[in-house]
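**Student:** Have a look at this one before I ask anything.
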Amino acid sequence: DVKVTQSSRYLVKRTGEKVFLECVQDMDHENMFWYRQDPGLGLRLIYFSYDVKMKEKGDIPEGYSVSREKKERFSLILESASTNQTSMYLCASRGGEPEQYFGPGTRLTVT
Amino acid sequence: GQNIDQPTEMTATEGAIVQINCTYQTSGFNGLFWYQQHAGEAPTFLSYNVLDGLEEKGRFSSFLSRSKGYSYLLLKELQMKDSASYLCAVSKASGTYKYIFGTGTRLKVLA
């Protein structure tokens, strides 16, 4: 079974803090994704990576950056957290099959 | 523009059959996915359609008509555990890793 894990289920940060969200997958997948999920808006793609050190912007990259130094790990970075970044963050990975496998999510609250 | 539409909420009775519709308008199409998401949990993959027709998998079936930009997910013999959100997503083109997700349909199964 594919396993995608995320470093925290719940996180509370203050405005202006630098925030790191970590995602690890154990299936040697090339492709990894970061989404945020908000009520009424669905899942929106922030960034994705198709190989180590390779990344591409998704639909809403503003205010975020990513890092992929190892194949199994994909990090999302909020350089200076703001209240409008309060959301559920979901990481996913994909190998040769068309479907994506999701982690359990991190509910981030920025106060 | 690019759009995926699905009903916001549906209610059905245990043991019944329910059909959740999804219509899409995208610049390119390379497959349609259905995911199930229980409250507070990660989305899990249900089905993938790339050609027209019906794909059956146990109690769940998914249908696609590419000419109409239309899909549905059919759930038979509903159980209480089927209460969840059902997400429709479209992959836009072969080789791209970007999917567009609908906002999801929240299904309540009543005893």
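The values are calculated or read from the model by the stated rules, or taken from the named source; none is laboratory data. Since we're looking at a predicted model, the values are computed, not measured. Because the Cβ atoms are built from the backbone with ideal geometry, glycine has one as well, and the counts that use them run over all protein chains shown.
**Student:** Just checking: which of the strands (runs of 3 or more DSSP E) contained wholly in segment A:21-108 hold 1 or more residues that are in contact (Cβ under 8 Å) with a residue 24 or more places away in the chain?
**Tutor:** Hits in segment A:21-108: A:31-38, A:42-51, A:64-70, A:73-78, A:87-94.
**Student:** Separate question: Determine whether segment B:20-35 contains at least one residue that is under 13 Å from the mean Cα position of the chain (by Cα) and under 18 Å from A:Pro39 (Cβ atoms).
**Tutor:** yes
**Student:** Of all residues in segment B:76-97 being among the hydroxyl-bearing types (Ser, Thr, Tyr) and at pLDDT 95 or above, which is surrounded by the most Cβ atoms within 10 Å (Cβ to Cβ)?
**Tutor:** Filtering first and then ranking leaves B:Tyr86.
**Student:** Considering each of A:Val4, A:Val19 in turn, give the residue that is over 20 Å from A:Thr86 (Cα atoms), crowded, with 18+ Cβ neighbours inside 10 Å and within 16 Å of the chain's Cα centre (by Cα).
**Tutor:** Exactly one residue qualifies, and that residue is A:Val4.
**Student:** Can you tell me which residue within segment B:14-67, out of those that are of a type in the set (Asp, Glu) and within 13 Å of chain A (Cβ to nearest Cβ), is farthest from A:Tyr101 (Cα to Cα)?
**Tutor:** B:Glu55
**Student:** Restricting attention to segment B:19-52, which residues are closer than 26 Å to A:Gly105 by Cβ and of a type in the set (Val, Ile, Thr)?
**Tutor:** Listed by number, the residues that qualify are B:Ile20, B:Thr26, B:Thr44.
**Student:** Does segment A:61-80 contain any residue that is closer than 25 Å to B:Leu32 by Cα, within 14 Å of the chain's Cα centre (by Cα) and of a type outside the set (Ser, Thr, Tyr)?
**Tutor:** We begin by selecting, within segment A:61-80, every residue closer than 25 Å to B:Leu32 by Cα; these are A:61.
Subsequent filtering for residues that are within 14 Å of the chain's Cα centre (by Cα) retains A:61.
Still in the running and of a type outside the set (Ser, Thr, Tyr): A:61.
Yes, there is a match, as at least one residue in segment A:61-80 is closer than 25 Å to B:Leu32 by Cα, within 14 Å of the chain's Cα centre (by Cα) and of a type outside the set (Ser, Thr, Tyr).
**Student:** Further question: Name the one entry in A:Arg36, A:Arg9, A:Arg73 that is away from chain B (no Cβ under 14 Å) and of a type outside the set (Val, Ile, Thr). Lay out the reasoning, then the answer.
**Tutor:** Details: A:Arg36 fails: away from chain B (no Cβ under 14 Å); A:Arg9 fails: away from chain B (no Cβ under 14 Å).
Going through A:Arg36, A:Arg9, A:Arg73 in turn, the sole match is A:Arg73.
**Student:** Next question. Scan segment B:48-58 and give yes if some residue there is out of contact with any helix residue (DSSP H, G or I) (no Cβ under 7 Å at 6 or more places or on another chain), surrounded by fewer than 17 Cβ atoms within 10 Å (Cβ to Cβ) and touching a residue at least 24 places away in the same chain (Cβ under 8 Å), otherwise no.
**Tutor:** no
**Student:** When you go through (1) within 15 Å of the chain's Cα centre (by Cα); (2) within 14 Å of another protein chain (Cβ to nearest Cβ) one by one for A:Gly95, which number turns out not to apply?
**Tutor:** Failing condition for A:Gly95: (1).
**Student:** State all residues of segment B:13-22 that are crowded, with 18+ Cβ neighbours inside 10 Å and farther than 14 Å from B:Cys88 by Cβ; if no residue qualifies, say none.
**Tutor:** The answer is B:Val18, and nothing else.
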